[in-house]
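**Q** Can you read through this structure? Questions will come right after.
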Amino acid sequence: MNRSTPKTSCHILFLLLPAALLCYAACTMHPREANAASERGEDTTRKEARLVFAGDLMQHMPQVRAAQRGNGHFDYSECFRYVKPLFEQADYAILNFETTLTPTTDYHGYPTFRSPGAVADALRDIGIDAVMFANNHICDNGRTGIEYTTRRFDSLGIAHTGAFVDSSRIRREHPLLFQAGGLRFALFNYTYDTNGMPIPKGMIVNLIDTNAIRRDLSQVNRKHIDCVIVFFHWGIEYARRPNDEQRRLAALCHRLGAEIVIGSHPHVIQPIEAKRDNEGVVRSVTVYSLGNLVSNQKERYRNGGLIVTLDIKKERNGALRIAPAYTPGWVCRPGGYRIIPPSAADSIALPADLRATCTQFFEDTRALLEGNKIFEERVR
């Protein structure tokens, strides 16, 4: 894939506009071949996309204070400095947004998160295309939190799904439909709970319900959708292995046609799985927990997470070929909560104790994932 040009993506209603899917110029064929294929009525659009998934973006108060620059300004650039290229190289980048935004200065961390809008600005600047709202903290600031968080991301052109200000928004954004690299995606997002916080009247949060999931996935029109993604907020906090419910839900989604299942919430990395066909080609992927993209949690296993890259190609027979890879990201709390991948770790000056903690995180991650020979660690 050529990633030298800026990425672009489209959020369009494929079910209403199928003709629009054929309007892109061919980019993978010789012009003579493309013209001949076009005359035969074949779609010559490039059918290859790179998706990038990241885990829980949290905002504990020490993180907010670390980004504060005075006069109400915040700077999160140092936090994302070393992983920004991973998101920029994606055709579409997605993460779990596990806080809410507030228009006031009444910021708050755990257990009811209210964060500055500058967090969303930073996500735009690093190339995030969509954020997941279905998690246990989406109702932390009630109606105001959902409304303002939605409005802020709308103003930045960042897509979102999983929680909705009203029924008209759920009709537009569930599933989230987008196009990347000539492929058409449907993305569903569900959470196990909202920490007992009531969902404001008239608003909707997608809760995990197998009947609803069956209905949602069965209604996908695969004539207009190439790939189905389900992003769950599920599992047990700090458990490094998926529980039976996670496994059952993942299996259900794959049976119903989802190629990709992604998980968040445990705040630690859990195993990743990929299913191959008889020829050894990866056709579906499950990431049980991405862990923390960034947080103030400093305990072992909780001080980082995975950034997962999926290169997806549609074959001529319509099947998807998936090439998965991962990048561990350790959170260095001093110096702006920098997310540090292995490729940058050696070039950063760290005191001996932090260097040991960083190394331990990378080693723990590799040990957990070494049994899966399909996912490879991405070194750049």
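The values are calculated or read from the model by the stated rules, or taken from the named source; none is laboratory data. Computed from a predicted model, the values in this text were never measured in an experiment. No Cβ is skipped: glycine too gets one built from the backbone with ideal geometry, and neighbour counts run over all protein chains shown.
**Q** In the range 44-65, which residue that is part of a strand (DSSP E or B) and hydrophobic (A, V, I, L, M, F, W, C) is nearest to ILE269 (Cα to Cα)?
**A** The residue in question is ALA54.
**Q** Further question on the same structure: Looking at GLY181, is it of a type in the set (Gly, Ala, Ser) and surrounded by 22 or more Cβ atoms within 10 Å (Cβ to Cβ)?
**A** In short, yes.
**Q** Still on this structure, please answer the following. Select from the range 141-161 the residues that are of a type in the set (Gly, Ala, Ser), closer than 20 Å to LEU123 by Cα and in a helix (DSSP H, G or I) and list them in ascending order.
**A** Once the filter is applied, which keeps residues that are of a type in the set (Gly, Ala, Ser), closer than 20 Å to LEU123 by Cα and in a helix (DSSP H, G or I), the range 141-161 yields GLY145, SER155.
**Q** Same structure, new question: If we scan the range 148-161, do we find a residue that is crowded, with 23+ Cβ neighbours inside 10 Å, under 21 Å from MET58 (Cβ atoms) and out of contact with any Phe, Trp or Tyr (no Cβ under 9 Å at 6 or more places or on another chain)?
**A** There is no residue in the range 148-161 that is crowded, with 23+ Cβ neighbours inside 10 Å, under 21 Å from MET58 (Cβ atoms) and out of contact with any Phe, Trp or Tyr (no Cβ under 9 Å at 6 or more places or on another chain).
**Q** Taking the condition under 22 Å from GLU88 (Cα atoms), crowded, with 18+ Cβ neighbours inside 10 Å and either over 21 Å from the mean Cα position of the chain (by Cα) or among the polar types (S, T, N, Q) (or both), does SER347 pass?
**A** No, not satisfied.
**Q** Just to be sure, is THR105 touching a Gly at 6+ places or on another chain (Cβ under 9 Å), loosely packed, with under 13 Cβ neighbours inside 10 Å and at pLDDT 55 or above?
**A** Spelling it out, THR105 is indeed touching a Gly at 6+ places or on another chain (Cβ under 9 Å), loosely packed, with under 13 Cβ neighbours inside 10 Å and at pLDDT 55 or above.
**Q** Let me ask something else about it. Quick check: anything in the range 125-140 at negative phi, buried (at least 22 other Cβ atoms within 10 Å of the Cβ) and either among the hydroxyl-bearing types (Ser, Thr, Tyr) or part of a helix (DSSP H, G or I) (or both)?
**A** no
**Q** Could you check, for the range 197-205, whether at least one of its residues is touching a Pro at 6+ places or on another chain (Cβ under 7 Å), more than 14 Å from ALA93 (Cα to Cα), surrounded by fewer than 18 Cβ atoms within 10 Å (Cβ to Cβ) and not aliphatic (A, V, I, L, M)?
**A** no
**Q** Here is a follow-up. Name the residues in the range 162-173 that are surrounded by fewer than 21 Cβ atoms within 10 Å (Cβ to Cβ) and part of a loop (DSSP other than H, G, I, E, B), would you?
**A** VAL165, ASP166
**Q** Can you give me the ranges of the strands (runs of 3 or more DSSP E) entirely in the range 233-298 with at least 2 residues that are farther than 30 Å from ILE340 by Cβ?
**A** So the answer is 272-276, 282-287.
**Q** Of the residues ARG50, ARG46, ARG81, ARG114, which single one is of a type in the set (Lys, Arg), in contact (Cβ under 8 Å) with a residue 12 or more places away in the chain and either in contact with a Pro (Cβ under 7 Å, 6 or more places away or on another chain) or within 22 Å of VAL165 (Cα to Cα) (or both)?
**A** ARG114
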